[in-house]
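Each reported figure results from applying straightforward, stated rules to the coordinates on display, with no laboratory input. All values derive from a computational prediction rather than experimental measurement. Glycine gets a Cβ as well: all are built from the backbone with ideal geometry, and neighbour counts include every protein chain shown.
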Amino acid sequence: MSTITTKDGTSIYYKDWGTGPVVTFSHGWPLTADAWEAQMFHLASNGFRCIAHDRRGHGRSSQPWDGNHMDQYADDLAELFEKLDLKDVVMIGHSTGGGEVARYIGRHGTKRVRKAVLMGAVPPIMLKTEANPGGLPIDVFNGFRAAYLADRAQFFLDVASGPFFGFNRPGAKISQGLIQSWWTQGMMSGHKNAYDCIKAFSETDFTGDLKKFDIPTLIIHGDDDQIVPIGASALISSKLVPDAVLKIYPGGTHSLGDTSKDQLNKDLLEFVR
């Protein structure tokens, strides 16, 4: 397995496919780099070097008790970039991974970055606050935490079987394989790591990070995203990121990489080229 060791001794797993200009992928909660395999295969087959890591506490990376927050996630990614000496990178982030991309740019700038994609991403902030009245109430995330602690395995199964892929919508074509893949990836995460990450993805304010973007940015979101509602995320982020291009997928779910795979693969290849 390919890994790096961070300054605090955490082992970060990554996969590195293909050759050519570099594209990196940051996954959502509570998943792994495997969530991006369809996109990585497509882009690597079309002349790009595709790199995706398992966030600390997730997948095949180690499970440190501390550091399960956005600043550290961004710093881990910066260490990966430095150790692999990645340059002119196109960064792509989904959901929590979109927050990771935003915080990376906010903390480390764009000297190694050429373009960015935020897909179904959590910025600018998911939580409802005075400054963000369209966000989700804290009760929603407290409910996540309670269900997680009560029966994490069943909670993951419920998320995957329902809102994540839109399988709770009338007429949805349900894939038991996708549900099982999501559940398996989730169960690989560290118990405390994934618990802490709920706070990280819901309460972190990325407004200042988005304003620091100075590269071409594509924001992709499904208008039927039940996990990260478009009104409090992409519609606002696209106004905060200078000259961002917003692409809305009608009827699109939170997991466009699976439920709108062909369209997403086409759009990503066009953008990275």
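If I take R0 = 35 Å and measure r between the Cβ atoms of residue 131 and residue 168 in this structure, what FRET efficiency does the formula 1/(1 + (r/R0)^6) give, to the nearest 0.05?
Efficiency computed from Cβ-Cβ geometry: 0.70.
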The whole-number value in µm²/s of the Stokes-Einstein translational diffusion coefficient for the chain, with Rh from the Kirkwood sum over alpha carbon pairs at 37 °C and 0.692 mPa s, is 180
Compute the FRET efficiency between residue 107 and residue 262 as 1/(1 + (r/R0)^6), taking r as their Cβ-Cβ distance and R0 = 41 Å, and round to the nearest 0.05.
0.75
Residue exposure sequence - 6, 217 - by fewest surrounding Cβ within 10 Å:
6, 217
At 10 °C and a viscosity of 1.306 mPa s, what translational diffusion coefficient does Stokes-Einstein give for segment 1-98, taking Rh as the Kirkwood radius over Cα pairs? Give it in µm²/s as a whole number.
119
Convex hull of segment 100-170 built on C-alpha atoms - directionally averaged projected area, nm²
7.3
Label point distance in nm, residue 223-residue 5, each placed 7 Å from Cα along Cα→Cβ:
5.2
Residue separation times 0.36 nm, minus the C-alpha to C-alpha distance between residue 187 and residue 19: what's the value?
57.3 nm
Counting residues in segment 144-273 as N, plug N into 2.2 N^0.38 Å and put the Cα Rg over that result.
1.16
Between residue 158 and residue 87, with labels modelled 7 Å along Cα→Cβ, what's the label distance in nm to one decimal, could you check?
5.1
Return the distance in nm (one decimal) between the two label points of a simple spin-label model at residue 248 and residue 138, each offset 7 Å from Cα along Cα→Cβ.
3.1
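Which trypsin sites (Lys or Arg not before Pro) does segment 39-118 hold that lie in a coil by DSSP with at most 16 other beta carbons within 10 Å? Show your work: numbers first, answer last.
Working: sites: 49, 55, 56, 60, 83, 87, 103, 107, 111, 112, 114, 115; in loops: 55, 56, 60, 87, 111, 112.
Answer by residue number: 87, 111.
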Treating only Lys and Arg (+1) and Asp and Glu (-1) as charged, each at its beta carbon, one finds that the chain has a dipole about its Cα centre, in Debye to the nearest 20, of 380
Work out the FRET efficiency for residue 78 and residue 199 from their Cβ-Cβ distance, taking R0 = 22 Å, and round it to the nearest 0.05.
0.55
Distance histogram for segment 200-258 (every C-alpha pair counted, 5 angstrom bins, percent rounded to whole numbers)
4, 19, 27, 23, 20, 7, 0
Starting with the fewest neighbours, write out 225, 139 ranked by other beta-carbon atoms found within 10 Å of each beta-carbon.
139, 225
